[in-house]
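Encoded as C-alpha cells, the structure appears first; notes follow it.
The values are calculated or read from the model by the stated rules, or taken from the named source; none is laboratory data. Keep in mind the model is a prediction, meaning the values are calculated, not measured. Cβ placement follows ideal geometry from the backbone for every residue including glycine, while neighbour counts extend to all protein chains displayed. Only protein heavy atoms, including side chains, enter the accessible area calculation; ligands, DNA and RNA are left aside. Shrake-Rupley method; radii C 1.70, N 1.55, O 1.52, S 1.80 Å.
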Amino acid sequence: DLIAPEDQAIYELHVRDFSIHDESLVEKNRGKFKAFSVPNSNGSKHLRRLAKAGLTTVHLLPAFDCATINEDPAEQVTVGDLSSFAADSSEQQAAVDAIRGQDAFNWCYDPYHYTVPEGSYSIKPDSALRIKEFRSMVASLNRAGLRVVMDVVYNHTSGSLLGEKSVLDKIVPDYYHRLNNVGGIEMSSCCANTATEHNMMEKLMLDSLRTWATDYKVDGFRFDLMGHHTKANILKAKEMLQSLTVAEDGVDGSSIYLYGEGWNFGEVVNNTRFDQATQKNMGDNTGVGSFNDQIRDAVRGGGPFDSGIAHVENQGFINGQFYDPNEKSNASLADLLYNTDRIRMSLAGTLSDYQFINYQGNLIRGADIGGYTSDPQESINYIAAHDNETLFDVNQYKLPVSTSASDRVRVANLGNSIVALAQGIPFFHAGQDMLRSKSTDRNSFDAGDWFNLLDFSYENNGWGRGLPLKGDNEANWDFTQALLANPNLAVGETEIKSAAKHMKELMLIRKSSGLFRLQTAQEIIVGLAFHNTGPEQVPGLIVMSLSDESGVHHLVIFNASTTEQTYTIEQFMGLKFGLHPVQRSSADPVVRLSSNDSEKGSFTVPARTTAVFNVVSIEAANALEN
C-alpha cells in the first residue's frame with residue numbers, strides 16, 4: 001500500500017510487447033494477458049526485481065477493446081525473422097508495412113468498446129476468458145508488489161457516423177462527439193473527438209472507470225489527451241473513484257491515482273470551450289498528475305517534433321549540449337545553463353512557487369520557466385514514453401558519433417537518475433532501463449513486433465533492426481541510415497545488463513529515504529536547495545541538497561560533463577558525507593570513486609555520473625574508511 005502518491009514509481013508497458021518475444025514462455029501465452037500470470041518468465045522476473053527494489057506501478061497501454069486488431073489468431077499474419085537483412089536496410093520496413101493492419105500489433109489508442117478487455121490479448125477471445133485473464137493479470141501484478149494503471153482513451157472514438165466501427169453515433173447521432181460550427185465532428189485528436197462536456201458522455205466515462213476499478217481492480221488511470229477533457233470531468237472522476245469503499249464497492253478507492261497528458265491544442269485550446277484539464281489548470285491543487293515536458297526536453301534536448309538536422313543539433317543536458325557538441329550543434333553556454341535551470345525547477349517538483357537563483361543571477365520562481373504544480377504529485381517526470389523515440393535512440397542522434405558504448409550507457413543512466421531523484425512521480429518507458437531502441441522509430445504505434453522489440457533476456461536492445469517505417473520517420477533518414485549502419489553505435493548484453501542494474505540501484509536509493517519523495521510544496525521549498533547556481537556555475541553540474549528539521553541528510557550531484565568534477569560547499573565544511581550504501585556497493589565501479597573531503601567541504605564525482613552522498617556520523621565515517 002502507498003502512503004502517498006509521491007511514493008509511486010511507474011513503468012509504462014504494452015501488453016503484447018511484454019511477452020511476445022519471451023522464449024521462456026510457451027508460445028500460446030506470448031503476447032497475452034496470461035503471460036503476466038507466469039511467475040518464472042523472463043519478463044515477470046524482471047518486474048519482480050524492479051518491484052523489490054522500489055518500482056510500485058505498471059502502466060498498461062490501452063487494453064480495452066481495440067478497433068484495429070483482428071482478434072482471430074487464424075487470420076493474423078507475421079513477418080517472421082528479418083535478422084538476415086542489414087542494420088540500415090529498407091527490407092524490414094517493407095515487410096512490416098506489407099502486413100500493417102493484418103498483424104496483431106497496435107498501441108490501441110483507437111477505442112471500439114471502452115469497457116471490455118481487448119480480445120487479441122486473450123487465449124480465447126470469443127469467450128469470457130478475456131475477462132478472467134485480465135483480472136488474473138491484475139492479481140498477479142499485485143502479488144508481485146505492483147499496482148496497475150490503465151491507459152484510457154475517452155477523448156475520441158475510432159469510428160463515427162455510420163462507419164463500420166461506429167458505436168456511439170449509432171445510439172444517439174451527433175450527441176457523443178464534439179461538433180464544429182457547421183456540424184462536422186472535430187478531429188484534432190487524430191480521430192473523432194468525443195464531447196465529455198456533455199452529461200451522458202461524461203456519465204459513460206465515469207461508469208466505465210467505475211467498472212475497471214471495481215470489477216477489474218485497476219489501481220489508477222492515465223488519461224490520453226487529458227487536455228481535451230474538462231477539468232470538471234477529471235475532478236469528478238477522481239472524486240468518484242476515491243470515494244469507493246471496500247464495504248460498498250469491494251475496493252478501497254482512496255489511493256486510486258489519476259494522471260494524463262495535459263497538452264493544450266485543438267479546438268479546445270486555451271479554454272476556448274471550457275476549462276480544460278491541461279497542465280496549468282490541473283497544477284492548481286487538484287492532486288492530478290500531468291506529464292512534465294519541461295524535464296523531458298531539457299534533459300534530452302530539443303522537442304518531440306524535431307526532425308531532420310534539428311533532431312541532431314538540439315542537444316540536451318545529458319547528451320552534450322555545449323560541453324560535448326556533436327557535428328551539427330552550435331549551442332551556446334547560455335543554452336545549456338537555461339536547460340540546467342529547467343531541470344533544477346523540475347527536480348524541485350516543478351513547483352510554480354519554488355524559488356532559486358537562475359543562471360543570470362536573478363531570483364526566479366518555477367513559474368517563470370514552466371513550473372506549473374502546487375503539489376509534487378501533480379508532476380509526472382519522464383524523458384521517454386511510448387510516443388517519440390526511445391531515450392537510447394534520441395541519444396544516438398545527439399551524442400557525438402565517437403562516443404563509446406560505455407559512455408552511451410552512462411548518458412542513459414544519468415537521464416534515468418534525474419527522473420528517479422526528482423520530486424514528484426518518476427515515469428519510465430518499458431525497456432528504458434535496458435537501453436531499449438526501436439531502430440529510431442519515433443511513432444511505432446503500428447510498426448509491428450519487429451520494431452517494438454522488448455527483450456527481457458537482455459541480449460538485444462532493438463537497435464539496428466532496419467530503417468523504420470516511412471511517415472513520421474522519413475524526414476530523419478539522411479541521418480538515421482548512417483547511424484544504423486555504424487557498428488560502433490551498437491550495444492550488447494554487457495551494456496544492457498549494466499543499465500538494468502543501474503535502474504534497480506536508483507529504485508533502491510529513492511526507496512531508502514522519504515526526502516526523495518517529499519509530499520508537499522512546503523517540504524520542498526524548505527528542504528531542497530541547489531548549489532552551483534548563478535552566472536559563475538560550473539557547466540553541466542547540478543548540486544542538490546535535501547534536508548529536514550534536523551539538518552541536511554543527502555547531497556546529490558549530477559555530473560553530465562565529460563570530466564571529473566570537484567565542487568566545494570563551504571557550509572558543509574566539517575560535515576562528513578559518505579557515498580550512499582547502494583552506491584558504495586554499486587555494480588558500476590566508476591560511481592564508487594566518488595568521494596567527500598569533509599575538511600574542505602568538497603565533493604568529487606567522475607564524469608557522466610550521478611552520486612548520492614549521505615551525512616554520516618564520525619563513528620560511521622571512520623568505519624567506512626577502515
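Dipole check for the chain: with +1 at the C-beta of Lys and Arg, -1 at the C-beta of Asp and Glu, and the Cα centre as origin, the magnitude is about 1160 Debye.
Return, ordered by residue number, the residues of the range 233-276 whose backbone nitrogen is under 18 Å from a label point located 7 Å along Cα→Cβ of residue 182. From the range 233-276, the list is 267. Farthest toward the positive end of the dipole of the chain, out of 66, 538, 314, is the Cα of 538, where the dipole comes from beta carbon charges about the Cα centre. Here residue 280 is the anchor, and the lysines within straight C-alpha reach of less than 24 Å, apart from those fewer than 8 places off in the same chain, are 231, 236, 238. Sites listed here are GluC sites (Glu not before Pro) in the range 97-169 whose DSSP assignment is loop and whose Cβ has at most 12 other Cβ atoms within 10 Å: 164. Assign one of three labels to the range 316-386, namely rounded, prolate or oblate, based on the Cα gyration tensor with a ≥ b ≥ c the square roots of its eigenvalues; rounded applies when a/c is under 1.5, prolate when it is not and a/b is larger than b/c, and oblate otherwise. Because a/c hits 1.5 or more and a/b fails to exceed b/c, the range 316-386 counts as oblate.
In square angstrom, what is the accessible area per residue of the range 29-139 with a 1.4 angstrom probe?
39 Å²
A Cβ-based charge dipole, computed about the Cα centre of the range 190-330 with Lys and Arg at +1 and Asp and Glu at -1, lands at about 100 debye.
Percent of accessible area on the range 1-126 owned by carbon and sulfur, 1.4 Å probe?
Details: 2350 of 4960 Å².
Of all accessible area on the range 1-126, carbon and sulfur atoms account for 47 percent.
Annotation: aspartates and glutamates with alpha-carbon distance below 12 angstrom to residue 576 (same-chain offsets under eight excluded): 597, 599, 619, 625.
Annotation: extensible slack from residue 127 through residue 597 equals 162.5 nm (criterion: 0.36 nm per residue apart, minus Cα-Cα distance). For the range 439-552, the solvent-accessible area of protein heavy atoms averages 38 Å² per residue (probe radius 1.4 Å; ligands and nucleic acids excluded). The apolar share of the surface of the range 163-277, taken as the fraction of accessible area on carbon and sulfur atoms (1.4 Å probe, ligands and nucleic acids excluded), comes to 51 percent.
By its C-alpha gyration tensor, with a ≥ b ≥ c as the square roots of the eigenvalues, how is the range 444-484 shaped: rounded for a/c under 1.5, else prolate for a/b larger than b/c, else oblate? Here the range 444-484 falls in the oblate category. Close amide-amide hydrogen proximity is noted between residue 9 and 56, 57, each under 5 Å apart and 5 or more residues distant or on a separate chain (H modeled in the peptide plane; Pro and chain starts excluded).
Past 22 Å, Cα to Cα: identify those pairs from 32/501; 32/511; 45/501; 398/504, in the order given.
Those over the limit are 32/501; 32/511; 398/504.
Which one, 18, 98, 5, projects farthest toward the positive side of the charge dipole computed for the range 1-132 from Cβ point charges (K/R +1, D/E -1)? The listed residue farthest towards the positive side: 5. Tell me the carbon and sulfur percent of the accessible area for the range 490-626, rounded to whole percent, probe radius 1.4 Å. The value for the range 490-626 is 50 percent carbon and sulfur by accessible area.
The order of the peptides 323-335, 454-466 by mean Cβ neighbours within 10 Å, most packed first, is 454-466, 323-335. Taking a Cβ cut-off of under 13 Å around residue 320, the surrounding Lys, Arg, Asp and Glu residues balance to a net charge of +1, with basic ones at +1 and acidic ones at -1.
In the chain, taking the dipole from charged Cβ atoms about the Cα centre, the farthest positive-side position among 404, 286, 50 is held by 50.
Under the criterion of Cα pairs below 8 Å and six or more residues apart, the relative contact order for the chain equals 13 percent.
The chymotrypsin sites (Phe, Trp or Tyr not before Pro) of the range 527-597 include none that meets both criteria, a DSSP state outside H, G, I, E and B (loop) and at most 11 other C-beta atoms within 10 angstrom of the site's C-beta.
By the rule of a second cysteine Cβ within less than 4.7 angstrom, the chain holds isolated cysteines at 190, 191.
Annotation for the range 6-77 versus the range 331-378: alpha-carbon center distance of 36 Å. With charges set only on the Cβ (+1 for Lys and Arg, -1 for Asp and Glu), what does the dipole of the range 1-141 come to about its Cα centre, in debye to the nearest 20? In total the dipole reaches around 720 debye. When each of the peptides 597-608, 365-376 is scored by the mean number of other C-beta atoms lying within 10 Å of its residues, the order from highest to lowest reads 365-376, 597-608. Computed from backbone phi with θ = phi - 60° and the Karplus coefficients 6.51, -1.76 and 1.60, the 3J(HN,Hα) list for the range 119-132 is x, 5, 8, 9, 5, 9, x, 8, 8, 6, 4, 4, 5, 5 Hz; x is used for glycine and proline.
With every protein chain left in place, what is the accessible area per residue of the range 298-430 in square angstrom, probe 1.4 Å?
26 Å²
Between residue 239 and residue 79, residue separation times 0.36 nm minus the direct Cα-Cα distance comes to 53.0 nm. Taking a ≥ b ≥ c as the square roots of the eigenvalues of the alpha carbon gyration tensor, the range 49-202 is oblate, as a/c is not under 1.5 and a/b does not beat b/c.
Amide H contacts of residue 384: 429, each under 5 Å away and 5 or more positions distant or on a separate chain (H built 1.01 Å from N in the peptide plane; Pro and chain starts excluded).
Peptides 215-226, 244-255 ranked from most to least packed, by the mean per-residue count of other Cβ atoms within 10 Å: 215-226, 244-255. Phi angles across the range 147-156 convert, under the Karplus curve 6.51 cos²θ - 1.76 cosθ + 1.60 with θ = phi - 60°, into 3J(HN,Hα) values of 7, 10, 9, 10, 7, 10, 10, 8, 7, 7 Hz, Gly and Pro given as x.
Quick check on the chain: of the DSSP beta bridges with both residues there, what percent are antiparallel, nearest 5%?
Looking only at bridges with both residues in the chain, the antiparallel portion is about 60 percent.
Label point 7 Å out from residue 520 along Cα-to-Cβ: which residues of the range 275-319 have amide N under 16 Å? Within reach of a label on residue 520, which here means backbone N under 16 Å from a point 7 Å along Cα→Cβ, the range 275-319 contributes 285-287.
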